[in-house]
Number of protein chains: 2
Amino acid sequence: MSAFGIFSTPGTAPRVGWREGDEVVDLSALGEPYARGSLNALMALGREAWDRAIAAARTHDGPRVPVGEIMSHLPFEVADYVDFYSSLEHATNMGRLFRPGGEPLVPSWRWLPIGYHGRAGTVVVSGTPVRRPHGERVAPGASAPPVFGPSQKLDFELELGFVLGVPSEAGEPVPVDRFADHVFGVVLVNDWSARDIQAWETVPLGPFLGKSFQTSVAAWVTPLAVLEEARVEGPPQEPPPLPHLAGGRDWALDVDLEIELNGSVVSRGNARGLYWTMPQQLAHATSNGAPVRTGDLMASGTISGAERGSEGSLIELTRDGAEPVALTDGTTRAFLEDGDRVVLRGRAGAVELGDVGGTVVPA
Amino acid sequence: MSAFGIFSTPGTAPRVGWREGDEVVDLSALGEPYARGSLNALMALGREAWDRAIAAARTHDGPRVPVGEIMSHLPFEVADYVDFYSSLEHATNMGRLFRPGGEPLVPSWRWLPIGYHGRAGTVVVSGTPVRRPHGERVAPGASAPPVFGPSQKLDFELELGFVLGVPSEAGEPVPVDRFADHVFGVVLVNDWSARDIQAWETVPLGPFLGKSFQTSVAAWVTPLAVLEEARVEGPPQEPPPLPHLAGGRDWALDVDLEIELNGSVVSRGNARGLYWTMPQQLAHATSNGAPVRTGDLMASGTISGAERGSEGSLIELTRDGAEPVALTDGTTRAFLEDGDRVVLRGRAGAVELGDVGGTVVPA
């Protein structure tokens, strides 16, 4: 691992650290912006400063702390959180589940990266337990009345997110070829989802309480510069995107992904197949003139592959619960149970990404 | 008007002011938290402190500045922005326009206040021009290919928002009867909308770029305590809400509303008819365990009445452009044109709310 994060040790204040393997290099002696409790000040400095920071981190002879002795904190203050829907396979799976018999993809899907805003205030760092949310739900096929209670369909979503460093101006979209000038790095994301709450509330304004209870991100942000060797070309796009979304396919990432549930690996996939790339996501999000701020988090949406066993959520892996997954402890899961522990992992060649762990606690 | 805001005069720093009529009382000499450039510190203090602040503002003999001589700033740092859909008449109008022939209300509508997250980073203060956004759109009835360009259907939405002062804890919903312990005050909101962009992108994840380019709020936040005399009972609700949303109907607000477009009043309505009240909106938003933060903005969604001429958006007033509204200058409008000036006004008995003005500038 080669990534920035915010850490503390007992009795000390949170500060910037550089994680290399299983050690964390304390960078706080480098002064501003490393003595702070979030990466935002560093992230705002821009690409040349980020490169210098990586070089400084790799050569700094400050204190090194074993990762087992630190406490991790949310690495950046989240400004706005946007969640995309950029996996063709995920969107197809969800369309089949929620609109059976119809065309799984909506007409706009291949013309723009569909997305929506999530709740920035409930983005938490890996390791934070996830409390099973309450909400209204109806029985499958029923329309009313709903009942209110703990979700019966708690799920995870494996996503890859990118974090904005350099803000943009209102009215000035960020073109696909300026992606790396604005984006500091990437994090794995678990966009916890309550499928029963989501199904009831989602028409016509989209997901709200089915997602807003918690979103978990890795404690370690991997800078883009560290991922150069993992860059690959994204999949072909047909029809060709309109000019404002054309290009940016040189920033697909060859990142092997895996989801572990109570010690069993239940899914293995790769991020390189995402239909819409990160530069296209950013170009789209700013194409109406909306500016981005330091700390904006934009996530891919669930990353699913075409093969069975490569889906990024339980609702897909289990066909909405109809085909529970078998765990190595002899149990099966349709959706998450209290006490379940989920860990999302990613590896870009030799570069491990920060993982995202969380345990379900009762409502 | 009796409201808090952030103001400056030439060469001075933004600070807290109390607006009474056409004068602004400079409160910065009262020290923390009045010397700051946002209301957030004051808003975080809680209800007793707010009451003391109002009393202090009303008796303070600090400098008084004519409102014509000040510059207004965004009154609070927006944490998360949630937009509801709480007007029965608006939801019905939109359902008829977007799903003609079908049931205008979705099955969940009377069971919970439908809502979604908007973009906090593009909330701006009244007076900020709105730049016509670019986006993808298709001709009505067509499905593809889209074209990319300036929106042809720029619209306003008249809404009433409330601003969170006291945060809540994760896992602890804010019940309807705790509304006034957490909420600092209200603001008028113009949720600018590009209807063509919105129509193309909105299925299945809801509005995104059709809204995220800009949302304007009043420069003056009216504290809840000032609105006591405007409190009325909300409309009857059938079916009765589930227990977690029952109650809170004592916080409907009798606020006369009006929309002025280029000097012509094009709509007159009242906020008291909103089906879902503000306490119910807040209870719903936290019912899954999501916490709120100081600076969260929650808006009602467009406020429309049942009569012609009381609709809160052009798409409703003009039946999606089919029946343009006539202005007193002899022109008509289907949607907004460059140079158009929109002002939203509200009055709760003797208490005027801060207005929200904005002029459309070209893409």
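The values are calculated or read from the model by the stated rules, or taken from the named source; none is laboratory data. Given the structure is predicted, the values throughout are model-derived calculations rather than measurements. Quick reminder, even Gly has a Cβ in these numbers, built from the backbone with ideal geometry, and neighbours come from all protein chains shown. Surface areas here come from the heavy atoms of the whole protein model, side chains and all, with no ligands, DNA or RNA. Shrake-Rupley method; radii C 1.70, N 1.55, O 1.52, S 1.80 Å.
Among the candidates A:339, A:330, which residue alone is surrounded by fewer than 20 Cβ atoms within 10 Å (Cβ to Cβ) and within 22 Å of residue A:215 (Cα to Cα)?
A:339
Selection within the stretch A:28-76: residues that are of a type in the set (Asp, Glu) and under 19 Å from residue A:167 (Cα atoms). The member of this set that is surrounded by the fewest Cβ atoms within 10 Å (Cβ to Cβ) is A:48. For the stretch B:186-195, the criterion of being more than 14 Å from every other protein chain (Cβ to nearest Cβ), under 22 Å from the mean Cα position of the chain (by Cα) and among the hydroxyl-bearing types (Ser, Thr, Tyr) is satisfied by no residue at all. Taking the stretch A:136-155 as the range and being crowded, with 17+ Cβ neighbours inside 10 Å, farther than 17 Å from residue B:290 by Cβ, within 11 Å of chain B (Cβ to nearest Cβ) and in contact with a Lys or Arg (Cβ under 7 Å, 6 or more places away or on another chain) as the test, only A:146 passes. Checked against the criterion of being modelled with pLDDT under 95 and more than 10 Å from chain A (Cβ to nearest Cβ), the stretch B:118-135 contains not a single residue that satisfies it. Criterion first (within 14 Å of another protein chain (Cβ to nearest Cβ) and open to solvent by less than 50 Å² (accessible area, probe 1.4 Å)) does residue A:276 satisfy it? Answer is yes for this residue.
Mind checking whether some residue in the stretch B:126-133 is free of Cβ contacts under 8 Å to residues at least 60 places away in the same chain, in the same structural domain as residue B:335 (by TED's automatic domain parsing) and farther than 22 Å from residue B:346 by Cα? No, that holds for no residue. Tell me whether the stretch B:319-332 contains one or more residues that are under 30 Å from residue B:177 (Cβ atoms) and in contact with a Leu (Cβ under 6 Å, 6 or more places away or on another chain). Checked the stretch B:319-332: no residue is under 30 Å from residue B:177 (Cβ atoms) and in contact with a Leu (Cβ under 6 Å, 6 or more places away or on another chain).
Based on this model, can you work out whether residue A:68 counts as within 13 Å of another protein chain (Cβ to nearest Cβ) and either under 28 Å from residue B:111 (Cα atoms) or out of contact with any helix residue (DSSP H, G or I) (no Cβ under 9 Å at 6 or more places or on another chain) (or both)? When the stated conditions are applied, residue A:68 does not pass them.
Quick one: in the stretch A:106-117, which of the residues that are modelled with pLDDT of 95 or more and either open to solvent by 20 Å² or more (accessible area, probe 1.4 Å) or within 8 Å of chain B (Cβ to nearest Cβ) (or both) is farthest from residue B:212 (Cα to Cα)?
The first filter runs over the stretch A:106-117 and keeps only residues modelled with pLDDT of 95 or more, leaving A:108-117.
After this cut, where a residue has to be either open to solvent by 20 Å² or more (accessible area, probe 1.4 Å) or within 8 Å of chain B (Cβ to nearest Cβ) (or both) as well, the list is A:108, A:110-112, A:114-117.
On the way: A:108: 18, A:110: 21, A:111: 19, A:112: 16, A:114: 14, A:115: 11, A:116: 10, A:117: 9 Å.
Checking each candidate, the answer is A:110.
Residue A:172 passes every criterion in (1) touching a strand residue (DSSP E or B) at 6+ places or on another chain (Cβ under 7 Å); (2) of a type outside the set (S, T, N, Q); (3) more than 10 Å from every other protein chain (Cβ to nearest Cβ) apart from (1). Taking (1) part of a loop (DSSP other than H, G, I, E, B); (2) farther than 28 Å from residue A:204 by Cα in turn, residue B:305 satisfies each apart from (2). Condition check: without any contact (Cβ under 8 Å) to a residue 40 or more places away in the chain and open to solvent by 10 Å² or more (accessible area, probe 1.4 Å). Does residue B:79 satisfy that? So residue B:79 does not fit the description; no. Scanning the stretch B:119-135 for residues that are touching a Gly at 6+ places or on another chain (Cβ under 7 Å), open to solvent by 30 Å² or more (accessible area, probe 1.4 Å) and in a strand (DSSP E or B) turns up B:131, B:134. Of all residues in the stretch B:349-363, those satisfying the criterion of being open to solvent by 10 Å² or more (accessible area, probe 1.4 Å) and assigned to a strand (DSSP E or B) are B:351, B:352, B:359, B:361.
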